[in-house]
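Input: a single structure, listed below in structure tokens.
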Amino acid sequence: MANDRLIYGLKNVQAVDPATNHLGWEIDELAKITGISVFDGVAVAIGDKNMAAVDAKTGTELWRKKTHDHATNLLWDRKSDAIVYMDGKGLHSAARKAGNSLFDLPSQAFDHPIHIRLSGPDVIVTLAPHEVCAYDLKTGKKLFQEGKPTAFFRSDAFLNHWPMPEDGDDLIAVTPGVARKTGGDGIPEDSLLSPAMRERLQVNLAAAEGAGEAFETENGAGWRRIWWIDPQTNRKVEFQAAGTHHDVSRSMGMIFAVDGNQVWGAAIKLK
């Protein structure tokens, strides 16, 4: 939503008043739409043929440039106010309001990415069906390459509600409704998290600058690694995945695993 309009992509990108269905503005001729970014009064959209930016209030086109097949989603780098994306020719960064290129680097991946993530203050992770790569956001230099992605752990995902079953019933998964009241930290008021844990979550998420994600990848021999980018050093931290199933909460500083009949959790302590 921007300026009381719903901005969405179908055949084209459109801004519509949901109360009246009135079309405010439209971005056309992008081909297959893969990403939309709306921040600070500017809407940028990308497709497999073109990308363009408009004034989010008036729809006035600010700039337009060509893309080259297989475009990914868009990332906004707040520090440089740049839009970052990948297409068939490589990794690109462009000024969000002016559209001029900041860098255009040939693809250094064997498998074309279908999605990119900001995974640290200065690191981009690219996800492809058979490989994951990391790039320096400032220079575009490839930092490392990992194998096939097998799991993704969100930065804001943590268990905050444990439904208690009736006697004799199994535990069932419960997705809380959107109408539940939340406190100032966004955690539901009926959460079983303690005040100390709430504070820990907020401190850790703030330290990660919203990029507290973790990844699990598998190499050709079947070995799995769990890893992420440390926000203070921009370096990779990794663990060997020993269990059958894992979960990671960097905000809580915990890693969990299920291996057969054993369930365990351990605090993540890095020196």
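Structure above, values below:
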quantity: Identity of the residue in the range 87-112, among the charged types (D, E, K, R) and in a loop (DSSP other than H, G, I, E, B), that ends up modelled with the lowest pLDDT; calculated: Asp111
quantity: Hits in the range 115-147 (condition: outside any strand (DSSP E or B) and touching a His at 6+ places or on another chain (Cβ under 8 Å)); calculated: Ala128, Gly147
quantity: Hits in the range 238-268 - residues which are touching a residue at least 12 places away in the same chain (Cβ under 8 Å) and within 21 Å of Ala196 (Cα to Cα); calculated: Val248, Ser249, Arg250, Ser251, Met252, Gly253, Met254, Ile255, Ala266, Ala267, Ile268
quantity: Any hit, the range 83-96, residues being more than 29 Å from Gln232 (Cα to Cα) and crowded, with 18+ Cβ neighbours inside 10 Å; calculated: yes
quantity: Flag for Pro121 being crowded, with 16+ Cβ neighbours inside 10 Å, modelled with pLDDT of 90 or more and either in contact with a Ser or Thr (Cβ under 7 Å, 6 or more places away or on another chain) or over 25 Å from Arg224 (Cβ atoms) (or both); calculated: no
quantity: Residue ID - nearest to Ala128 (Cα to Cα), chosen from residues in the range 60-82 that are buried (at least 18 other Cβ atoms within 10 Å of the Cβ) and of a type in the set (Ser, Thr, Tyr); calculated: Thr72
quantity: Neighbours by Cβ (under 6 Å, 6+ apart or cross-chain): first from the range 82-95, closer than 14 Å to Gly35 by Cβ; second of a type in the set (Val, Ile, Thr) and assigned to a loop (DSSP other than H, G, I, E, B); calculated: Tyr85/Thr72; Met86/Thr72; Asp87/Thr67
quantity: Evaluation of Leu105 against (1) under 19 Å from the mean Cα position of the chain (by Cα); (2) closer than 25 Å to Val125 by Cβ (one fails), failing number; calculated: (1)
quantity: Selected residue (criterion: nearest to Leu6 (Cα to Cα)) from residues of the range 60-84 that are assigned to a loop (DSSP other than H, G, I, E, B) and basic (Lys, Arg); calculated: Arg78
quantity: The range 138-156 - residue that is under 18 Å from the mean Cα position of the chain (by Cα) and surrounded by fewer than 14 Cβ atoms within 10 Å (Cβ to Cβ) and, of those, modelled with the lowest pLDDT; calculated: Asp156
quantity: The range 235-258, subset in a loop (DSSP other than H, G, I, E, B) and under 17 Å from the mean Cα position of the chain (by Cα), residue modelled with the highest pLDDT; calculated: Arg250
quantity: The range 1-59, subset in a loop (DSSP other than H, G, I, E, B) and among the basic types (Lys, Arg), residue surrounded by the fewest Cβ atoms within 10 Å (Cβ to Cβ); calculated: Lys11
quantity: Residues (exposed (fewer than 14 other Cβ atoms within 10 Å of the Cβ), farther than 24 Å from Lys79 by Cβ and not aliphatic (A, V, I, L, M)) located in the range 210-237; calculated: Asn219, Gly220, Gly222, Trp223
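The values are calculated or read from the model by the stated rules, or taken from the named source; none is laboratory data. These numbers come from a predicted model, not from an experiment. Glycine also receives a Cβ, built like all others from the backbone with ideal geometry; neighbour counts cover every protein chain displayed.
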